[in-house]
Amino acid sequence: MNLEQDFDATIARDQRIEPRDWMPDGYRKTMIRQVAQHAHSEIIGMQPEGDWITRAPSLRRKAILLAKVQDEAGHGLYLYSAAETLGADRDDLTERLIGGRQKYSSIFNYPTLTFADVGVIGWLVDGAAICNQVPLCRSSYGPYARAMIRICKEESFHQRQGYELLMTMMSGTQAQRDMVQDATDRWWWPSLMMFGPPDAQSTNTAQSMVWKIKRHTNDELRQRFVDMSVPQAEKLGVTLPDPDLKWNAERGHYDFGEIDWAHFKEVVSGNGPCNEIRLTRRRKAHEGGQWVRDAAAAHAAKQQRKEAV
Ligand code: FAQ
C-alpha cells in the first residue's frame, strides 16, 4: 500500500490520523485552517463577555463569568497546540489573525449591551458551539478530536450557566424579562449563522465530509440547533424572533425563516458592528505581551546555555 492508500484506509476504518502519519497536503491545510479559525474564535470570543466582568451584578456572577472567560482562553491555547501538531507556527497564526488574514467566528462581532447578553451567549452561542462541536469529537484528526472532548464538557457547563442566569432573570422584574427578550432578539439570527453558509455555498463541506473532518453538514447542524432551542425558549418564556418558525410534522423538524446571508458575508468580510473593536483590542494585547515573550525567550536561551556547560 502506498501512503495515500494507507491514509484513505485509516479514514475508511474510522481510525484517527495522528501528527506523524502521512496526510495529503489538502487535508493538512484544511485542518490548520479550521483549527486555527476555531482557536481564534475562542480567543476573540473572550471579549464580548469579558466586557461584563467588572460590571457583573454580584460576586457570584462575577466569579462564574471570570471562570468561563478563562475557560475560553484555555480552549484557544489548547487549539493552537493542536494546530502546532500539524506544523503550523503559533506566532504566524496570531499574525494572520491580527492582520485580518485569517477568520474567526462571525458571532463575536456583536456588542453585549446588557447583562442578559451574557446569559444569552451561554444559552445560544455555547449551545450552538456544542451542537457543532460534539460531532467533532469524532473528527478524523486525533489531536483535534481529543481536544474537542474536553472543550465540549466545558462548553456544556457554559451553556447551563447561561440558561440558569436567564431563568433567574425571567423570574425577576418585568425590566429584567424585557432585557432577556431583547438579548434573545439580537442573538438568535447571528447564532444560526455560526454554522456557516448554506450547504450549497459551503466551499469546504463536501471534501471535509469525505475526510471525516466534518461529520454533518452546516445545514444539518443548524436544523438540529433550531429543533433543540425551540423547547428551551418555550420553557424560558421568551419568543424567538422568527414569525416563520413552526413545527413541520411531515419533516419532523421546525421550519424557520430565511437567514440574511448578505449580512453574514458583510460580517465575515470585516464589516460587522464590532470587527474593528475586536481586532484592535487583540492587536493591542499582543503588542502589550511582547515583553513577556521576550523575557520567556531570554530565559529559555539562558537555560539552554546553562545546560550546554
Ligand atoms: N464565521 O465551507 P464552509 C465558540 C467561513 S467557538 C466566520 O462551510 P467549513 C466557543 C469558513 O471558515 C466558535 N467564518 O467552512 C465560544 C470558510 O472560510 P475560508 C467557532 C465562517 O470550515 C462560545 C468559509 O466561510 N467554532 O463559539 C463562518 O467547512 C462562547 C466557507 O464556509 C468553530 O470554529 C462563521 N460563522 O465550516 C467561545 C468550530 N462559517 O474557506 C466564546 C469548528 C463559515 O474562506 C464564547 N469549525 N465561515 O477560509 C467548524 O465546524 C467549521 O469550520 C464551520 C465552517 C462549521 C464553522
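Read-outs: derived from the displayed coordinates by stated rules, not from any lab. Please read these numbers as outputs of a predicted model, since none were measured by experiment. Note: ideal-geometry Cβ built from the backbone for every residue, glycine included; neighbour counts use all protein chains shown.
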Query raised in the report: Hey, what's the Cα Rg ratio for the chain versus the globular rule of thumb, 2.2 N^0.38 Å?
Result: 1.07
**Report entry** Residue (of VAL268, HIS286, THR30) at the positive-pole extreme of the chain, dipole from beta-carbon charges
**Finding:** HIS286
Report summary line: Taking GLU307, GLU234, GLU72 and counting other beta carbon atoms within 10 angstrom, the fewest-first order is GLU307, GLU234, GLU72
Requested in this report: Compute the distribution of all C-alpha to C-alpha distances in the stretch 7-145, in bins of 5 Å from 0, and list the percent of pairs in each, rounded to whole numbers.
Outcome: 2, 9, 18, 20, 16, 14, 10, 6, 3, 2, 0
Query raised in the report: How many angstrom lie between the C-alpha centres of the stretch 222-262 and the stretch 1-76?
Result: 27
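Neighbouring Cβ atoms within 10 Å as the yardstick, rank THR114, THR203 fewest first.
Lowest count first: THR203, THR114.
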Report summary line: When the chain is treated as a Gaussian network with springs between alpha carbons less than 10 Å apart, the largest mean-square fluctuation among HIS263, HIS38, HIS158 is found at HIS263
Report summary line: Checking GLU250, GLU220, GLU42 against a Gaussian network model of the chain (alpha-carbon springs below 10 Å), the top fluctuating residue turns out to be GLU250
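Here are some pairs, LYS62/LYS284; LYS62/LYS235; LYS103/LYS235; LYS29/LYS68; which of them have Cα atoms lying more than 28 Å apart in this structure?
LYS103/LYS235; LYS29/LYS68
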Query raised in the report: Taking +1 at the Cβ of each Lys and Arg and -1 at the Cβ of each Asp and Glu, which of GLY50, LEU136, ILE11 sits farthest along the dipole of the stretch 1-150 towards its positive end, judged by Cα position relative to the Cα centre?
Result: GLY50
Report task. Check every DSSP H run in the chain and write down those whose alpha carbon atoms cover 15 angstrom or more along the long axis and whose mean Kyte-Doolittle hydropathy is -0.5 or greater. Result -> 59-84, 142-170
Query - For the chain, built as a Gaussian network whose Cα springs stay under 10 Å, the top-fluctuating residue of GLY99, GLY272, GLY74 - result: GLY99
Report task. Determine the relative contact order of the stretch 133-220: mean sequence separation of Cα pairs under 8 Å and six or more apart, normalised by residue count, in whole percent. Result -> 33
Report task. Divide the volume of the convex hull of the Cα atoms of the stretch 183-309 by its number of residues and quote the answer in cubic angstrom per residue. Result -> 213
Query - 10 Å Cβ shell holding at most 10 others, DSSP loop, trypsin sites (Lys or Arg not before Pro): longest site-free stretch of the chain - result: 102-250
Requested in this report: Evaluate the charge dipole of the chain about its Cα centre and quote only its size in Debye, nearest 20, assuming +1 on the Cβ of each Lys and Arg and -1 on the Cβ of each Asp and Glu.
Outcome: 1040
Report summary line: Listed with the fewest Cβ neighbours within 10 Å leading, HIS40, HIS253 appear as HIS253, HIS40
